[in-house]
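**Student:** Pasting in a structure now, in structure tokens, and then I'll have a few things to ask.
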Amino acid sequence: RLIETSGEINTGMPEYVVQRAMTVLNRRKKSLNGAKVLVLGVAYKADIDDYRESPALNIIDLLIKQGARTTYYDPYIPQYRHKGKTHTGA
């Protein structure tokens, strides 16, 4: 059951991260809609160029859905393709 629970937590983490970003911005009387957001790192793990299964991709998708102007930086992944769209890093 522990493995299942940890999987559920990991699956919900992108939504949690975006919600936290919204909360932080709201405290400063700012909106996520229209905000410039830089995501640092999209690789699945450190020091590799593999972005498959990376939760950062879902975070970026959720940020964009909320209206954020999103870019990313990852020295190992200058460009990636996700859900039919090509994204180029900063």
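**Student:** Taking the alpha-carbon distance from residue 45 and a cut-off under 16 Å, which aspartates and glutamates remain once sequence neighbours fewer than 8 residues away in the same chain are dropped?
**Tutor:** 53, 74
**Student:** At 7 Å along Cα-to-Cβ for each site, give me the label-to-label distance between residue 27 and residue 85 in nm.
**Tutor:** Distance between label points: 2.8 nm.
**Student:** Also: Just rank 50, 74, 61, fewest to most, by other beta-carbon atoms within 10 angstrom.
**Tutor:** In increasing order of surrounding Cβ atoms, one gets 50, 61, 74.
**Student:** Modelled label-to-label distance, residue 76 and residue 49, 7 Å Cα→beta-carbon offset: nm?
**Tutor:** Those two pseudo-labels are separated by 1.1 nm.
**Student:** List the lysines whose Cα lies under 30 Å from the Cα of residue 30, skipping any in the same chain that are fewer than 8 positions away.
**Tutor:** 65, 83, 85
**Student:** What is the distance, in nm, between label points placed 7 Å from the Cα along the Cα-to-Cβ direction at residue 20 and at residue 40?
**Tutor:** Going from the residue 20 label point to the residue 40 one covers 1.3 nm.
**Student:** Another one. Give me 4, 15 ranked fewest to most by other Cβ atoms within 10 Å of their Cβ, as a rough exposure proxy.
**Tutor:** Placing the least packed residue first, the sequence is 4, 15.
**Student:** With θ set to phi - 60° and the Karplus curve 6.51 cos²θ - 1.76 cosθ + 1.60, what are the ³J(HN,Hα) couplings of the range 47-53 in order, to the nearest whole Hz, using x for Gly and Pro?
**Tutor:** Once θ is set to phi - 60°, the couplings for the range 47-53 become 6, 9, 9, 9, 10, 4, 6 Hz.
**Student:** Please enumerate, by chain and number, the aspartates and glutamates with C-alpha under 16 Å from the C-alpha of residue 36, excluding those fewer than 8 residues away in the same chain.
**Tutor:** 61
Any read-out appearing in this document is the output of simple, stated calculations on the displayed coordinates, not a laboratory observation. Keep in mind the model is a prediction, meaning the values are calculated, not measured. Positions of Cβ are backbone-derived with ideal geometry, glycine not excepted, and every protein chain shown enters the neighbour counts.
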